[in-house]
Amino acid sequence: MVSYASAMLDELMGRNRNSDPNEKPKDLNWADTEVCKYHLCSFCPHELFTNTRADLGLCNKIHDDELARNYRKSSKFMKMGYEEEFLFYLESLVSEVDRRIKRGHARLALNAAHQAQQLQGITDAQDERIKQLTIKINEAIEKVESLGCEGKVEEAQQLMKQCDQMKEERRLLEEFKTNYAIKPLNLNNSHKEMEVCPICGAFLVVGDAIQRVEEHLQGKQHLGYARVRETIENLRVSKLSC
Ligand SMILES: [Zn+2]
Ligand SMILES: [Zn+2]
């Protein structure tokens, strides 16, 4: 197992940094165990997601383009089972992110249900209040009439004023209800409609600014998973044509 520091030094100073200068560096062959077989096939997935949430950690094997070229030129190319292993690893990465995407969808659905429930609670309470107001308004109108008949003008006027206040409250409640029936998702101003990226599983804001959409599409995590998915397709096709 090569440590992170040691791998960093290899990268900075070359992997023969510790060898005796008089000694010839070991002639590496692409088949050697210390050579990364993913890199021979195409690329090493460990290099895709560095410093992102999906970081796979450092690969402790050697990535050498010359060895990769030698492998591809050799008569053993595609006959070592490396591509199958590579495909298997890529598929495991995709099934992991697909599980994350599924969980993301479930979370969004739960949020939507919760919100609908909250909204329902509010409209139920409003309906109840509107019903009570209507009863009180009707009672008040009847009473105003009988007060009028009895000549109690001042009392009737007082009650009429209360009646108008109740009517105004009812009007506002009805207005509020119609507005939210049209746009229930804007119940909370800070709420933005979300979706899950079908490639990398990140949460995205629906209808977000073009610049932010672009940033996401050019981000390491999204590009990494796009490359993994594309490579899987290509490997499957080349396997079929073999
Ligand atoms: Zn590697
Ligand atoms: Zn994405």
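Every read-out reported here was derived from the displayed coordinates using simple, explicitly stated rules and does not represent laboratory data. Every value quoted in this text rests on a predicted model; they were computed, and no experiment measured them. Positions of Cβ are backbone-derived with ideal geometry, glycine not excepted, and every protein chain shown enters the neighbour counts.
Table for the structure above
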item	result
Gain in span if fully extended, Ala116 to Met160, counting 0.36 nm per residue against the direct Cα distance	12.0 nm
Region 96-109 - phi-based ³J(HN,Hα) in whole Hz, Karplus 6.51/-1.76/1.60, Gly and Pro as x	5, 5, 5, 5, 5, 4, 4, 4, x, 4, 5, 5, 5, 5
Calculated FRET efficiency for the pair Leu217/Asp32, C-beta based, R₀ 35 Å, to 0.05	0.40
Average projected area [Cα convex hull, region 65-113], square nanometres	4.5 nm²
Kirkwood Rh in Å, taken over all unlike Cα pairs in region 92-242	20.8 Å
Near-label residues of region 95-129 by backbone N, under 15 Å of a point 7 Å along Cα→Cβ of Arg236	95-96, 98
